[in-house]
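Novice: I have a structure here, written as structure tokens, and I will follow up with some questions on it.
Read the figures in this text as sums done on the coordinates, not as results from a lab. None of these values were measured; they are calculated from a predicted model. Cβ coordinates were reconstructed from backbone atoms using ideal geometry, including for glycine residues, and neighbour counts include every protein chain displayed.
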Amino acid sequence: CYLAMAMCQPDAALAVLAKAPTWLNTATDGLLMPATLWRGQALAAKGENEAARAAFLEAKQAMEEKRRASGESAGTESYLALAYAGLGEKDAALQAARRATELLPMSQDVLSGAWYLYQLAGVEAEFGETESAINHIEQLLAAPAGFYISDASLRTDPVWDPIRNDPRFQKLLKTKAP
């Protein structure tokens, strides 16, 4: 599903999700993530905004319930941030994404911490927080975070589309040219 979305193939992602369980295990932190979060992202990529909104709302409710039941965690906050972002709830999305990086920074766990910083940068990019997003991208590129971000993924990952034409982002691409 992740690969299909990274390759801008939302129909392929939806086909995988049609056979997926309600909760998906993530490779990053082992936290279960609602499949409706991926579904919302795939539907949004297809322009099916009403269906995407319903999926994001379901994901938000599931993650808020998980937070109430299990307490705050970096993973829960990160996935909540994505659900809030899908619903256009900028302040809540940024707050949750930032909280995830506070709960598990790269200084404590470089692998998972990098994931949460990547998610924060993506949420920032989505909401036009370009300066902060690029600062976080630079931080990720300077760290061993190649599992989540690389020179090549800067060129292709749709998460960066909202800031792709920014001169500073373009300069970063030229600096990191193959």
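Novice: Take each of the peptides 154-166, 76-88, average the number of other beta-carbon atoms within 10 Å over its residues, and list them starting from the highest. Please list the in-between numbers first.
Specialist: Values: 154-166: 16.2, 76-88: 24.1.
Highest to lowest by the protection proxy: 76-88, 154-166.
Novice: Can you give me the P(r) profile for region 2-175? Cα pairs, bins 10 angstrom wide beginning at 0, each as a whole percent.
Specialist: 11, 39, 39, 11, 0
Novice: Which value, in debye to the nearest 20, gives the size of the charge dipole of region 1-150 about its Cα centre, when Lys and Arg are +1 and Asp and Glu are -1 at the Cβ? Don't skip to the end; give the middle numbers.
Specialist: Working: 11 positive and 18 negative charges, 86 e Å.
Taking the Cα centre of region 1-150 as origin, the dipole is about 420 debye.
Novice: Once R0 is set to 25 Å, what does the formula 1/(1 + (r/R0)^6) return for the Cβ-Cβ distance between Glu65 and Leu141, expressed as a FRET efficiency to the nearest 0.05?
Specialist: Values: r = 36 Å, r/R0 = 1.43.
Here the calculated transfer efficiency is 0.10.
Novice: How do 129-140, 113-124 rank on mean C-beta neighbours within 10 Å, highest first?
Specialist: Details: 129-140: 18.3, 113-124: 25.3.
So the peptides 129-140, 113-124, ranked by packing, come out 113-124, 129-140.
Novice: Tell me which of Gln108, Met33, Gln139 sits at the most positive position along the dipole axis of region 2-175, charges placed on C-beta atoms (Lys, Arg +1; Asp, Glu -1).
Specialist: Sorting the options by dipole projection puts first Met33.
Novice: How tilted is helix 35-45 with respect to the longest principal axis of the chain? Cα atoms for both, answer in degrees (0 to 90, nearest 10).
Specialist: 60
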